[in-house]
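S.K.: Have a look at this one before I ask anything.
The values are calculated or read from the model by the stated rules, or taken from the named source; none is laboratory data. Worth saying up front: this structure is predicted, and the values here are computed from it rather than measured. Counting neighbours? That spans all protein chains shown, and the Cβs are built from the backbone with ideal geometry, glycine included. Quick note on the areas: whole protein, heavy atoms, side chains included, nothing else; ligands and nucleic acids left out. Shrake-Rupley method; radii C 1.70, N 1.55, O 1.52, S 1.80 Å.
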Amino acid sequence: MIIVLFGPPGAGKGTQAEKLVDKHNLKQLSTGEMLRDAIVKGSDLGKKAKAIMDRGELVSDGIILSMIRQKIEETKGKSFIFDGFPRNLEQAKALDEMLNQLKLTLDLVVEIVVDDDILINRIENRAQASQNARSDDNEEVLNKRLKVYHQSTEKIRPYYLNKRKLVKIDGIRSIEEVTNDIESHIRNLPQK
Ligand code: ADP
């Protein structure tokens, strides 16, 4: 099974991905986590990415796509949940091509919908509650991340709607309710 979780920063993509990983034996591919790992390791890629992430902008498609390609190729089981990827139309099309080459198909794209004002509150709370808050979880950078989300990432919505892959989920509920809602869509997928 291959699932994409998409939604604005703070929508709960990472939290939901973790819930689904164990239950469905999926490999979680979070580009944000991969980039943060590269930063901690201090690699050239990490150094390049940090400056971009701290401005709230998107890391180049070239970097992101080669990271994803490598992970897909090195993973034995071919069941994935993508979180934070694809983030623009180019990445969405490139993902389709990669999956096509491997004779794999995307099953479901879940959009977690949360209003901007709620996200701002959530991320402020997350930053205050965490001892090692993310350097991009501050008001100025968050506003930029939201702008990038509306300008670039939301363009993948019509793309997946056209392919009849997209379902929308109300993300302003408890973690468990959101997970249950996603699960019901997974159960409704055609059997392979
Ligand atoms: P959030 O969704 O809360 O903003 P992420 O961890 O998904 O958090 O992303 C953090 C940052 O990492 C983004 O603002 C962006 O700079 C970079 N990033 C993550 N995934 C991608 C991607 N697929 N394409 C480009 N940049 C990305």
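S.K.: Pick from the range 65-95 the residues that are part of a loop (DSSP other than H, G, I, E, B) and under 16 Å from the mean Cα position of the chain (by Cα): which of them is surrounded by the fewest Cβ atoms within 10 Å (Cβ to Cβ)?
M.R.: Within the range 65-95, the match that is surrounded by the fewest Cβ atoms within 10 Å (Cβ to Cβ) is SER79.
S.K.: When you look at ILE39, is it surrounded by 14 or more Cβ atoms within 10 Å (Cβ to Cβ), of a type in the set (A, V, I, L, M) and either free of Cβ contacts under 8 Å to residues at least 24 places away in the same chain or on the phi > 0 side of the Ramachandran plot (or both), yes or no?
M.R.: In short, yes.
S.K.: Taking the conditions exactly as written (among the polar types (S, T, N, Q) and without any contact (Cβ under 8 Å) to a residue 24 or more places away in the chain), does ASN138 satisfy them or not?
M.R.: Answer is yes for this residue.
S.K.: From VAL178, VAL167, grab the single residue that is within 16 Å of the ligand (Cβ to nearest atom) and under 17 Å from the mean Cα position of the chain (by Cα).
M.R.: Exactly one of VAL178, VAL167 is within 16 Å of the ligand (Cβ to nearest atom) and under 17 Å from the mean Cα position of the chain (by Cα), namely VAL178.
S.K.: Being of a type in the set (D, E, K, R), more than 7 Å from the ligand (Cβ to nearest atom) and under 20 Å from ALA133 (Cβ atoms) is the filter here; which residues of the range 42-62 pass it?
M.R.: Matches in the range 42-62: LYS50, ASP54, ARG55.
S.K.: OK, next. Assess whether ILE2 counts as being at pLDDT 95 or above, more than 13 Å from the ligand (Cβ to nearest atom) and surrounded by 15 or more Cβ atoms within 10 Å (Cβ to Cβ).
M.R.: yes
S.K.: If you don't mind, there's one more thing I want to ask. State whether the residues of the range 10-21 include one that is basic (Lys, Arg), more than 8 Å from the ligand (Cβ to nearest atom) and open to solvent by 50 Å² or more (accessible area, probe 1.4 Å).
M.R.: Yes: one or more hits.
S.K.: Look through the range 148-190, keep the residues that are of a type outside the set (Asp, Glu) and assigned to a strand (DSSP E or B), and return whichever of them is farthest from PRO86 (Cα to Cα).
M.R.: Result: ILE169.
S.K.: Could you list all residues from the range 151-192 that are touching a residue at least 40 places away in the same chain (Cβ under 8 Å) and either polar (S, T, N, Q) or closer than 21 Å to ASN121 by Cα (or both)?
M.R.: SER152, THR153, ILE169, ASP170, GLY171, ILE172, ILE175, VAL178, THR179, listed by residue number.
S.K.: Criterion first (within 13 Å of the ligand (Cβ to nearest atom), touching a residue at least 40 places away in the same chain (Cβ under 8 Å) and not in a loop (DSSP other than H, G, I, E, B)) does ARG145 satisfy it?
M.R.: Taking the combined requirement at face value, the residue satisfies it.
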